[in-house]
Amino acid sequence: MVNYISGKVAELTPTYVVIDNQGIGYLLEISLLTYEALQGKENAKVLVKQQVNQREGTTVEYGFASGSERDLFELITGVSGMGAATARMVLSTFSPEELRNAIISEDVNRIKTVKGLGLKTAQRMILELKESFPQIKLILVLPCKSQTRGWSHEDISAYERIKQQADKVV
């Protein structure tokens, strides 16, 4: 299995790149995100993911400018009913960070902006991928009551409100 190909960028379009490596041209389908990353480069290292097209019985190679984009491609194609073409559309619409934020915040309307994605598919994508993204948890460190000496009445009142809200979350 091929992990990456490096060489001369022989041809670049918004949908594919041809990497010339020792006289062999490797055609890789790409997202707009990878297209933008490769624009203007004479040489490039492109990460590869091979995908078998079940209906046609062919193997297609997809190229990625970053490991995070390739990882997301694998996650998206793992969602039931989502194929490689849809995954490429998602990655052409969002950066990895934008997609992560949309899924964690369960922003169905944002995910629906991907061409060809409807409400149910966006909901299924959120449901199946939400657990795949580590969530950043806010840890609030509050001083103990004895450390509040010298605080104004307003400060102590604000402290009490924050402490009550933090206790509800935990």
| said: Taking 8 Å as the Cα distance limit and 6 or more residues as the minimum spacing, I'd like the relative contact order of the chain as a percentage. | reply: 14
| request: Extending each Cα 7 Å along its Cβ direction at SER68 and ALA158, get the distance between those two points in nm, one decimal. | output: 3.3
| Theoretical ellipticity at 222 nm over the chain - DSSP helices of four or more residues, -39500 (n - 2.57) apiece, nearest 500 | -12000 deg cm²/dmol
| message | Could you work out the percent of alpha carbon pairs in the stretch 31-118 separated by over 16 Å, rounded to a whole number? | response | 55
| request: Scan [x] 44; [y] 49; [z] 54 for the value of percent of Cα pairs over 25 Å apart calculated from this model and give just the label. | output: [y]
| Rounded if a/c is under 1.5, else prolate if a/b is larger than b/c, else oblate: which is the stretch 82-132, with a ≥ b ≥ c the root eigenvalues of its Cα gyration tensor? | rounded
| note | the chain, Gaussian network, Cα under 10 Å: of ASP71, ASP155, ASP20, the residue fluctuating most is ASP155
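Bear in mind that the values in this text are calculations on the coordinates, not laboratory data. Given the structure is predicted, the values throughout are model-derived calculations rather than measurements. Positions of Cβ are backbone-derived with ideal geometry, glycine not excepted, and every protein chain shown enters the neighbour counts.
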